[in-house]
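What follows is a single structure, written as structure tokens, with notes after it.
Just so it is clear, none of the values below were taken in a lab; they were calculated from the coordinates. Given the structure is predicted, the values throughout are model-derived calculations rather than measurements. No Cβ is skipped: glycine too gets one built from the backbone with ideal geometry, and neighbour counts run over all protein chains shown.
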Amino acid sequence: MTDKDFDFTRRAFLDGVLKATAGAGVAAAAPWAVSAASAAPLSGDRVRLGVIGTGDRGRTLIRNILKTRNCAVAAVCDNFAPHLAKAQAIVGANVPAFADHRAMLDARGLDAVVIATPLDFHAPLAFDAFGAGLHVWCEKAMARTIADCSAMVKRSQDSAKVLQIGHQRMFHPTYLNALKRVKAGEIGPVTQIRASWHRNTSWRRPIPPGSTDRKINWRLYREASAGLMTELATHQLQVGNWFLDAVPTRVIGSGSICFWKDGREVYDHVALVYEYSDGRKFVYTSHLNNARYGCEEQIQGSKGTIEPELGRIYQEVPPKVLALQRMQEDVKRGHKRTVPIGGATWFPELPVTTPGDSLGWGEYDETMLQFEGFGEAVRAGKPLPGMLAQAYAASVASLLGEQAMDRGEAVTWPTDLIAV
Ligand SMILES: NC(=O)c1ccc[n+]([C@@H]2O[C@H](COP(=O)([O-])OP(=O)(O)OC[C@H]3O[C@@H](n4cnc5c(N)ncnc54)[C@H](O)[C@@H]3O)[C@@H](O)[C@H]2O)c1
């Protein structure tokens with residue numbers, strides 16, 4: 001299969017492409033996607049979703065749900081009236097709107113809820129939804145504490161309801177193609193993933209009338225958030241665990257409030273090393289005051305490197321450029337002055353800047369695709385295989401990283417997690 005095969009539309013994605021790759025190692029590594037792809041035709045009554053939390057993300061989710069073939073937004077809920085009004089403007093006046101999620105659950109008429117509130121509300125809202133006999137789709141990270149992540153898993157199991165977490169990269173065609181190529185051995189054994197999420201923004205939002213700093217800027221305060229770890233790193237830790245096919249054995253890290261000394265409680269600057277079996281590592285940095293290296297996972301094997309956010313695969317041994325030749329070019333461009341060097345056989349160990357090859361792009365939207373998968377899971381009354389285990393491990397890893405930085409010591413992987 002060539003990369004051209006991955007230039008598909010989002011419809012083609014669930015309908016065919018995953019089936020085509022299933023035999024190539026993807027089936028075992030992404031069983032949720034293969035299961036969603038081979039689900040019965042996406043027809044019949046739409047799965048009725050009640051969206052709780054219609055802030056920035058909630059409204060993006062609503063727009064994506066509206067694009068699916070098997071889900072409908074059957075109710076919206078937010079305890080901040082201006083955000084509820086914005087959601088109503090998208091879904092229309094016929095869709096019931098609630099200021100309190102309990103009133104939404106009592107009104108019935110739903111198959112599942114979608115939770116897109118601040119992190120500290122994920123677990124209590126999920127518990128109420130399971131209590132009302134509903135399935136749950138919840139944004140990442142799962143919960144503010146590892147104990148609550150475990151309790152969410154347990155409640156979904158005890159109530160035999162689907163719990164799916166918002167890790168859209170698990171449905172991202174470029175990531176699935178990257179995974180296929182790793183499984184095919186194209187970049188050799190992966191020994192390290194170097195990941196970063198670097199932004200240049202305070203993350204601080206203006207406070208609208210009638211609200212408070214802690215409600216609007218919940219990401220900046222410990223009660224509601226582990227900051228960069230639960231907001232950003234959790235996505236990339238899922239990718240790390242997925243591509244290394246394991247969970248970490250332990251983590252060390254350093255966190256600081258280094259740049260935005262504005263009263264926030266969460267770190268704006270984190271650096272961590274997650275260790276995996278056989279000495280493999282996931283090396284991570286994230287901060288909020290330099291965007292040069294952006295968001296990426298550099299998946300490094302002995303034969304090559306994959307960068308899925310850029311959608312590129314690089315050979316490990318590109319044609320070498322003699323130092324002398326390189327130096328001449330630099331001098332010509334005015335980047336360097338002439339300096340005496342050691343001889344024509346010397347090669348500089350500089351970063352490789354060859355463009356690599358494309359991993360393929362398409363017209364798709366992984367955020368929408370994950371809802372089509374969720375819709376089929378709800379219809380079947382069974383979670384998509386493997387998804388929750390990935391999400392649980394990613395959330396635990398992000399919260400363990402917070403602990404390692406707070407304590408300034410290595411923290412080992414918990415032994416009392418729920419079997420998924
Ligand atoms: N998967 C992704 O790529 C991605 C991207 C952004 C955000 N997120 C996640 O989405 C969630 C929401 O983030 P956001 O940026 O939209 O936050 P936000 O502050 O913009 O929106 C949260 C909304 O929840 C409402 N809310 C709070 N408590 C509530 C309650 N008890 N009942 C009903 N409504 C309540 C707030 O009024 C607000 O409108 C977070 O978990 C975040 O991590 C995920």
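Do you know which residues across the range 211-226 are more than 11 Å from the ligand (Cβ to nearest atom) and closer than 10 Å to L119 by Cβ?
If the condition is that a residue be more than 11 Å from the ligand (Cβ to nearest atom) and closer than 10 Å to L119 by Cβ, then E223 is the only one that fits.
Name every residue in the range 157-167 that is surrounded by fewer than 19 Cβ atoms within 10 Å (Cβ to Cβ) and on the phi < 0 side of the Ramachandran plot, in order of residue number.
Kept after step one, since they are surrounded by fewer than 19 Cβ atoms within 10 Å (Cβ to Cβ), are these residues of the range 157-167: 157-160.
The answer is Q157, D158, S159.
Restricting the range 389-420 to residues that are touching a helix residue (DSSP H, G or I) at 6+ places or on another chain (Cβ under 8 Å) and among the hydroxyl-bearing types (S, T, Y), which is farthest from Y267 (Cα to Cα)?
Taking the candidates together, the pick is Y392.
What are the residues in the range 184-202 that are in a strand (DSSP E or B) and surrounded by 14 or more Cβ atoms within 10 Å (Cβ to Cβ), if any? Walk me through it before giving the result.
Within the range 184-202, the first condition is being in a strand (DSSP E or B), and the residues that meet it are 190-198, 200.
Of everything in the range 184-202, those that are in a strand (DSSP E or B) and surrounded by 14 or more Cβ atoms within 10 Å (Cβ to Cβ) turn out to be V190, T191, Q192, I193, R194, A195, S196, W197, H198.
Taking the range 80-112, which residues are part of a loop (DSSP other than H, G, I, E, B) and touching a strand residue (DSSP E or B) at 6+ places or on another chain (Cβ under 9 Å)?
Hits for the range 80-112 are V95, P96, A99, D100, G109, L110, D111.
Only residues in the range 226-244 that are over 16 Å from M387 (Cα atoms) count as the first member; pair them with residues that are near the ligand (Cβ under 10 Å from one of its atoms) and assigned to a loop (DSSP other than H, G, I, E, B), Cβ under 6 angstrom, at least 6 apart or cross-chain, and list the lot.
T230/A141
Which is under 15 Å from C138 (Cα atoms), surrounded by 14 or more Cβ atoms within 10 Å (Cβ to Cβ) and either more than 13 Å from the ligand (Cβ to nearest atom) or under 28 Å from the mean Cα position of the chain (by Cα) (or both), of V91, V51, V47?
V51
Within the range 69-80, track down each residue that is more than 9 Å from the ligand (Cβ to nearest atom) and of a type outside the set (K, R). Working first, answer last.
In the first step, residues of the range 69-80 are kept if they are more than 9 Å from the ligand (Cβ to nearest atom); the result is 69-76.
Within the range 69-80, N70, C71, A72, V73, A74, A75, V76 meet the criteria.
Determine which member of the set A178, A151 is over 24 Å from E372 (Cα atoms), assigned to a helix (DSSP H, G or I) and either of a type outside the set (D, E) or touching an Asp or Glu at 6+ places or on another chain (Cβ under 6 Å) (or both).
Only one candidate passes the filter, namely A151.
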